[in-house]
Each structure stands twice: as C-alpha cells, then as structure tokens.
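I have placed the structure first, in the form of structure tokens, so that the comments after it can refer back to it.
What follows is calculated from the coordinates using simple rules that are stated; it is not laboratory data. Owing to the predicted nature of the structure, the values given are computational and were not obtained by experimental measurement.
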Amino acid sequence: MKSGARLIGIIYLLYFLMAMLGELLVPRRLVVVHETVNLVSFGIYITVTFLFYGLFKPVNRGVSLLAAIMSLLGSMVGILGLFHLAPSHLSPLWFFGPYCILIGWLILRSTFLPRILGSILVLAGVGWLAYISPVVVNTLSGWIKGIGILAEASLMLWLVVKGVNEQRWQEQSRRKTFP
C-alpha cells in the first residue's frame, strides 16, 4: 500500500496542477480552455475520491463511503456548474466541506497517517462550510482558502513523499470494520 499511497499522492498532485492551471486561465479570458481544464481536473478528483475510499475503507467503511458520496456530489455540482446547469446558489464547497471533515476524521482514526493531517483537514472542511454564509466568506475568504490549500497540499505531499505506514495499514485492514 505504500507505493499505492504514493500513487494516490501523485494523482492528487496532478489534480492540484490542473486546478491551478484552470485558475490561471480565467484572467486571460480563455474560457473554453479553462472549462476543459476544470472538467479534466474534476475527472482526476473523482479518481482521487475512489482511491481515498479504498485507502480509508479499513478505518471505517461507512464513513469512507459517505465521504466518497459527498465528494462525488460536490464534483457533480462543479461539473454541472461548468455547463451552467447547476443552481447558481449551490456551491460544490457545501459538499467538499463535509468531505474534508470526513477524510480528516478517518485520518484521525487511522493508525497509518499522522493525526495532524486529519486535524487540519477537519479545520479546512469547517472553513469550506463557511461558504454557506456570504458574510463570513467576505471577511475570511483568504484565510479559508489558505487553510484549505494547506490541508489538502499537506496530505498530498505526505502521500507523495512518505506514503502510509504499510504495516499499520495492513493491520487496520485485517480488522473487521463495520459501517
């Protein structure tokens, strides 16, 4: 699983690079390229979602499944938004917030990743949920984005550089987990 976790980290890194490229294209008025890049980045994120489900299933299958569903719903809202088919008041972050909270909780409960990664992911998820309130977002937007990027980038880099503790992942995956 160590090399598998590193592969997840590399795919996650690819997502980050595509998402950043998409954001760089917006000010240059390359709308079609921006939308195409964002569509590809959502596809990569969906792949990461399924890989995370497998990685965290030994911790708690039910919570891992719920996290995957939240991420898939957020991705779906984002994809529909690219085609102007999603309601304008519905933000993908309303789903990615709980996703980060759930992944953070799974990391906190795991024995194969550092708990600090889980803590900052939970904090980032709470921040993403703040997007429900425009007043909070207008005041704290920079901080929320900073914590979100820090949390997800930390997890991604940890997976690329360190992977997971193989022995502990194996031990946790041999235990019976209930939803």
Inset, instruction - Grab the Cα-Cα distance for His84 and Arg109, subtract it from 0.36 nm times how many residues apart they are, and report the gain in nm with one decimal. - result: 5.1 nm
Inset, instruction - Can you run the Rg to Rh ratio on the stretch 91-179? Use alpha carbon positions and the Kirkwood inverse-distance Rh. - result: 1.06
Inset, instruction - Could you please tell me the mean projected area of the C-alpha convex hull for the stretch 1-60, averaged over all directions and given in square nanometres to one decimal? - result: 4.2 nm²
Inset, instruction - State, as an integer percentage, the relative contact order of the stretch 2-164 based on alpha-carbon contacts under 8 Å between residues 6 or more apart. - result: 26 percent
Inset, instruction - Kindly give the semi-axes, whole Å and largest first, of the ellipsoid equivalent to the chain, taking each as the square root of 5 times a Cα gyration tensor eigenvalue. - result: 28, 18, 15
Legend entry - Using alpha-carbon coordinates, inclination of helix 134-161 to the longest axis of the chain, degrees: 40 degrees
Inset, instruction - Using only alpha carbon pairs under 8 Å that are at least six residues apart, calculate the relative contact order of the stretch 58-100 and give it in whole percent. - result: 46 percent
